[in-house]
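Since the structure comes first, as structure tokens, the remarks are kept for the end.
Here, each number is a calculation from the coordinates, and none is a lab measurement. Keep in mind that what you see is a predicted model, and the values were worked out from it rather than measured. Positions of Cβ are backbone-derived with ideal geometry, glycine not excepted, and every protein chain shown enters the neighbour counts.
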Amino acid sequence: MVRADLVRMANQIAANFRHHPQAQAAAEVAEHIRMFWPPLMRRELLDNVHNGGFDPLVVLAADLLAEATPA
Amino acid sequence: MTLLEDHDLGTPAQPGPATVGLEIDGLAVSVPEGTSIMHAAGLVGIDVPKLCATDSLAAFGSCRLCLVEIDGRRGTPASCTTPVEAGMKVSTQTPRLEKLRRGVMELYISDHPLDCLTCAANGDCELQDMAGAVGLREVRYGYAGENHLDASKDESNPYFAFDASKCIVCSRCVRACEEIQGTFALTIAGRGFDSRVAPGNSNFLGSECVSCGACVQACPTATLEEKTVITLGVPRRSVLTTCAYCGVGCSFKAELRGDEVVRMVPYKQGGANEGHSCVKGRFAWGYATHKERVLTPMVREAITDPWRVVGWEEAISYTADRLKSIQARHGIAAIGGITSSRCTNEEVFVVQKMVRAAFGNNNVDTCARVCHSPTGFGLKQTFGTSAGTQDFRSVDESDVIVVIGANPTEAHPVFASRMKRRLRQGAKLIVIDPRRTEIVRSPHVEADYHLQLQPGTNVAVVNALAHVVVTEDLVDHRFVAERCEPEDFDTWAAFISAQEYSPEATEAVTGVPAADLRAAARLYATGGNAAIYYGLGVTEHSQGSTMVMGLANLSMATGNIGRRGVGVNPLRGQNNVQGSCDMGSFPHELPGYRHVSDDAVRHLFEETWGRPLDKEPGLRIPNMFDGAVEGTFKALYVQGEDIAQSDPNTHHVQAALAHLELCIVQDLFLNETAKFAHVFLPGTSFLEKDGTFTNAERRINRVRPVMAPRNGKQEWQVVCELATAMGYPMHYRASSEIMDEIASTTPTFAGVSFAKLDALGSVQWPCNEAAPLGTPIMHIDKFVRGKGRFVETPFIPTDERTNRRYPLILTTGRILSQYNVGAQTRRTENVAWHPEDLLEIHPYDADERGVAEGGWVTLASRSGETELRAHITDRVPQGVVYTTFHHPVTGANVVTTEYSDWATNCPEYKVTAVQVRARVHVGGSAGPPSVLPDRVDADVPALR
């Protein structure tokens, strides 16, 4: 998908969990994405997450998400 | 089935136990206190003659036909207005009464045209019946005297005629408009002999009448008569079925002659509507036989080719071959489907089954993605399941009613009438909406508080309400302690107590005066039973899911959940939104809202369906569009939805559809989406379907076929044949077998069957061993998830902001006479009220832009622009404009954007930054042609 949309959607999720302590929030972001995003989108997120634009919480969440995402 | 006729008991039933015993014509009867003698008599089979009485209306006592004698009392009181008393002995038939009644009837008939044989109501006329019942044999008064026989007819309404010459001035129509509909459009003008029914100072079409049909239903003569009855004659048989429009899900008697529908009559025993209707369900069913309906399958290689009419066999094999070919070349995940809330549970179930079992992926989504998906998310997080908590009747016991982001008088009119009735009885009303909707101020209804918030600030408002509840200690601590997760409550209470969520702090953002907000919060928390009703003004935001959770928090904190009169209630837009979601239409959930990653649930379906199922979520609708544009998603099956018109950012949707290698549309008409289709599979209208709809109160109603499918097949049969052609055999002998499969795999439906629905009329899920008759009120002793969960709801403003280029906020909504994208209602006489979408604009904003009333304007956003005519009104606040999306020629979604709810991707239809420009015409052009140029001049006449 368009990278800007991917960034916007992931960052939106992060913003809605940011009020929690960082580790908890990162886990919640990862869990939300795992539950609702199809593998293709998750893979795109993992492939792009270190290329800038993403909320730091999304970057943290991506590490947790990597294990649950098919290659 | 023969014609189903209701036994009219004359006056409404009274609640309570049958404690009052009396004798009527020697028969003993016990009834609740307050019951009329007429009603009690009816219960033992004695129908006292009557004209002004009907059991849907309060007793009136004007016709003097229902007189009775009571032992020990003088005179002949009216049985409709006389309540029963213990030990009473009543006679309904005596020589004295017979003489009196004959005298009354003689006077009525002396001023009534004696044209029974040619009258449209011949055989369906209470006046005719009563003349027979009282034994009237002659009328001694001639027609030489003054009479009303030449009174004029009003045929302005497209659906019914008013023939004043046949009126007996019983006031049933006037009372129905007041008591049932709550519009107060009719009155009795004049006095004495000059008394006449009048729709204000206008004809019916130009009046406040909303064409609900309650007056027609109430009329005992042919004075108010459906034009179809006048044309076709009185109906001969009935089929009980369910309306296919909004989420109220009204029950109707389809009344026919042969296979031709004569009229749709609201069913008194219908659990959702109890005998009431709106202009759509009652009258706007003609689209089913509209000449533009397509009844044969069609295919074409490319969307630039002409359609080629084919037989069903060829259509199915052609479609299956192309789908298989695409999967072979692009992978299993390259195809998917979209289910429709206009289709039955059974039709939706087989589509998601086809996608999961035959397509081999979870790429199934539903139109609820663009309306109530945040409801599913939010209520599941807090209460444990995705559904409204109450039945509609519950509002009769509400003391405080909160309407948020909903416009029930337009979008859920039959429920709105019930709500307005409760408001007229004294319940308090809080409306939270940027627009001054009709419920804010209408006859005998006025909101105690209208919190006119800025679009996009819902969560700030609900947080401020909760802030007041917590900081002013209005919390129901006992409820919270017993019913909710204590740690979650403590965390939430600390969160919401922060100063940033105080009404004073949020006022600058929301525009809601702090004092009003505090007062509204206090009223909600302390005013007795408080119920929340919400619509798409809650869900279609970037924080739609957060807002739903905020509402759930508020109800739990104040203990307003788990009993009658309270609750959190989504008003669903389409008739089967609840059902289509229940049936596993979302890409992450199997039927019954169970995640695809749940091994036990997945294994149950794998065993039942005989295919391995994917444990990963599939593509949502926006993902499908993105994938199509990028070339990874190649084929889409669309069941009964017009995504090219209804989904946001039309340019993007059309680009996606144009990229598809195969687009399959199953619908009644060649809609906007069909322009991009390669296969058109004709669908069935609700008059042909055989299945069930589930309404907004979780009520499962039967949809019975009134006529054979005009296309030759039920839609579920087509889906089964397609799945079978793809190599996955799907066979059912009848739609009841599909429901049996749903029941066997879905715990909340475990006790549901067509046989039970036929026996009980309807049931509300959960319907299972624990609740064999269904569950009208949810979460009574415990929440579905066990303890209620408070969720923190930070307010995060939308990224969609106004700026110098786009300084106004556009919000969209619906209108009473039209439905969704208008595919059905635009093909009915309902266009008389709403021939085009209009842009509501505040006088100040109009003046600044030189916009004239009815003038053409350009509406532009960063996504696109469209043109429509303006209606200047202070119904919208300054800075906000509003329109509907019923007409493809307007294309309101050309301007809506890709922004969406953070949790579900439900589009943010309710907030789009726009600019409005008065259209400058070159060379004297008057702009695009107007459909009815003079209609816009009045201040939104009739059906808004």
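The angle separating the long axis of helix B:514-526 from the principal Cα axis of greatest extent in chain B is about 70 degrees.
Counted residue by residue at 0.36 nm each, then reduced by the alpha carbon distance between them, the extension gain from B:Glu260 to B:Glu482 reaches 74.2 nm.
Charge dipole (Cα centre; +1 on Lys/Arg Cβ, -1 on Asp/Glu Cβ; no other charges) of the protein assembly as shown amounts to roughly 960 debye.
Computed about the Cα centre, the dipole magnitude for chain B is approximately 840 debye when only Lys and Arg (+1) and Asp and Glu (-1) carry charge, each at its Cβ. Put simply, the amide H of B:His450, placed in the peptide plane, has neighbours under 5 Å in B:Val431, leaving out anything fewer than 5 places away on its chain.
Think of chain A as a dipole: +1 on every Lys or Arg Cβ, -1 on every Asp or Glu Cβ, centred on the Cα centre; then among A:Ala66, A:Ala25, A:Gly52, A:Gly52 lies furthest on the positive end.
Take every Cα-Cα pair in region B:63-102 and report what % of them are more than 17 Å apart. For region B:63-102, the share of Cα pairs beyond 17 Å comes to 21 percent.
Seen from all directions on average, region A:1-43 presents a Cα convex hull projection of 2.9 nm².
For the protein assembly as shown, the Kirkwood estimate of hydrodynamic radius, built from reciprocal distances between every pair of different alpha carbons, is 30.1 Å.
222 nm [θ] for the protein assembly as shown, helices only, -39500 (n - 2.57) per DSSP H run of 4+, per residue, to 500? So the calculated ellipticity at 222 nm is -8500 deg cm²/dmol.
Cα centroid separation, region B:688-730 to region B:405-451: 36 Å. Counting only lysines at least 8 places from B:Lys428 when in the same chain, those with an alpha carbon closer than 19 Å to its own are B:Lys420. Dividing the convex hull volume of the alpha-carbon atoms in region B:466-580 by its residue count gives 128 Å³ per residue.
Between the amide H of B:Val262 and those of B:Glu255, B:Leu256, B:Arg257, distances stay under 5 Å, these residues lying 5 or more places away or on another chain, with hydrogens modeled in the peptide plane. Taking a straight Cα-Cα cut-off under 17 Å and skipping sequence neighbours fewer than 8 places away in the same chain, the lysines within cross-link reach of B:Lys782 are B:Lys380.
Ranked by how many other Cβ atoms sit within 10 Å of their own Cβ, fewest first, the residues B:Glu178, B:Glu848 fall in the order B:Glu848, B:Glu178. The angle between the Cα long axis of helix B:458-471 and the longest principal axis of the Cα atoms of chain B comes to about 70 degrees, rounded to the nearest 10. Legend: Rg and Dmax of region B:649-711, from Cα coordinates, 15.6, 40 Å. Both radii were evaluated on the Cα set of region B:20-123; the Rg over Rh quotient, with Rh as the Kirkwood radius, amounts to 1.02.
Anisotropy class assigned to region B:510-659 is oblate, per the alpha carbon gyration tensor with a/c at or over the 1.5 cut-off and a/b no larger than b/c. Would you mind classifying region B:554-604 by shape? Square roots of the alpha carbon gyration tensor eigenvalues, ordered a ≥ b ≥ c; an a/c under 1.5 is rounded, otherwise it is prolate if a/b is larger than b/c and oblate if not. The shape class here is oblate. Distances between every pair of Cα atoms in region B:571-704, grouped in 5 Å steps from 0 to the bin holding the largest one, split as 2, 10, 14, 17, 18, 20, 14, 5, 0 percent. Normalised by the empirical 2.2 N^0.38 Å for globular proteins, what value does the Cα Rg of region B:373-570 take? Region B:373-570 yields a ratio of 0.93.
According to the Kirkwood relation over distinct C-alpha pairs, the hydrodynamic radius of chain B is 29.4 Å. Size check on region B:808-918: the Cα extents along the three principal axes, sorted descending, read 40, 37, 22 Å.
Among beta bridges identified by DSSP and lying wholly in the protein assembly as shown, the antiparallel ones come to about 55 percent. Fewest-first ordering of B:Cys278, B:Cys212 by other beta carbons within 10 Å of each residue's beta carbon gives B:Cys212, B:Cys278. Taken along its principal axes, the alpha carbon cloud of region B:144-289 reaches lengths of 47, 31, 25 Å, longest axis first.
Reducing region B:568-639 and region B:459-497 to their Cα centroids gives an inter-centroid distance of 34 Å. Between the helical axis of B:599-609 and the dominant principal axis of chain B, each derived from Cα atoms, what acute angle in degrees is found, rounded to the nearest 10? Here the helix axis deviates by roughly 70 degrees.
Listed by chain and number, the lysines whose C-alpha is less than 26 Å from the C-alpha of B:Lys153, apart from same-chain residues fewer than 8 away, are B:Lys50, B:Lys166, B:Lys227, B:Lys280. Each residue of region B:434-440 was assigned a 3J(HN,Hα) from its phi angle through the Karplus expression (A = 6.51, B = -1.76, C = 1.60, θ = phi - 60°), giving x, 8, 7, 6, 4, 5, 4 Hz with x at Gly and Pro.
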